[in-house]
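For reference, the structure is listed below as structure tokens.
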Amino acid sequence: MAASVWEISRNATLFPEICQVWFDFGHDQVFAYLLLSANTAGTELARTLKDTCTDNKAFCVQSDIAIVLGFAGFLFLGISSLFSGFRVEPELSA
């Protein structure tokens, strides 16, 4: 948070632009992979526990919503990663 305030107030970044672009791109990739892995594990667990839906309907509804929101989050993170990739590309050709 302090780094963000510093960057906004000084109109400069802590790292050189090339490092900042690669930093953002790398973190987008890592977080997208972690989110997809967590969603896959959650989907498998929910599928395994689907037999309990007759006893506990709220669990099934909440797990379905969580899985859908997780994959929607992955979609938006994938789009962010795509934009980061477009920022990295000019740095590669320079």
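Miscellaneous remarks
- Number of positions in segment 1-29 that are of a type in the set (S, T, N, Q), part of a helix (DSSP H, G or I) and either surrounded by 13 or more Cβ atoms within 10 Å (Cβ to Cβ) or in contact with a Cys (Cβ under 7 Å, 6 or more places away or on another chain) (or both): 2
- Residues that are aliphatic (A, V, I, L, M), more than 17 Å from the chain's Cα centre (by Cα) and either within 28 Å of G85 (Cβ to Cβ) or loosely packed, with under 14 Cβ neighbours inside 10 Å (or both), drawn from segment 30-74: L45, L49, A58, V61, I65
- Residues of segment 52-88 classified as under 18 Å from G26 (Cβ atoms) and among the β-branched types (V, I, T), total: 2
- Search result, residues across segment 41-94 that are out of contact with any helix residue (DSSP H, G or I) (no Cβ under 8 Å at 6 or more places or on another chain), part of a helix (DSSP H, G or I) and of a type in the set (D, E, K, R): E44, R47, D51, K57, E89
Here's the yes/no breakdown for (1) among the polar types (S, T, N, Q); (2) under 30 Å from C60 (Cβ atoms); (3) modelled with pLDDT of 90 or more:
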| position | (1), (2), (3) |
| --- | --- |
| I8 | no, no, no |
| A12 | no, no, no |
| F15 | no, no, no |
| C19 | no, no, no |
| F25 | no, no, no |
| V30 | no, no, yes |
| L34 | no, yes, yes |
| T40 | yes, yes, yes |
| E44 | no, yes, yes |
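- Between F25, F59, the distinction of being in contact (Cβ under 8 Å) with a residue 24 or more places away in the chain, aromatic (F, W, Y) and out of contact with any strand residue (DSSP E or B) (no Cβ under 9 Å at 6 or more places or on another chain) belongs to F25 only.
- Conditions (1) closer than 30 Å to A3 by Cβ; (2) of a type in the set (A, V, I, L, M); (3) free of Cβ contacts under 8 Å to residues at least 40 places away in the same chain; number of the one not met by A32: (3)
The values are calculated or read from the model by the stated rules, or taken from the named source; none is laboratory data. Remember, predicted model here, so these are calculated numbers, not experimental data. Don't worry about glycine lacking a Cβ; one is built from the backbone with ideal geometry, like all the others, and counts go over all protein chains shown.
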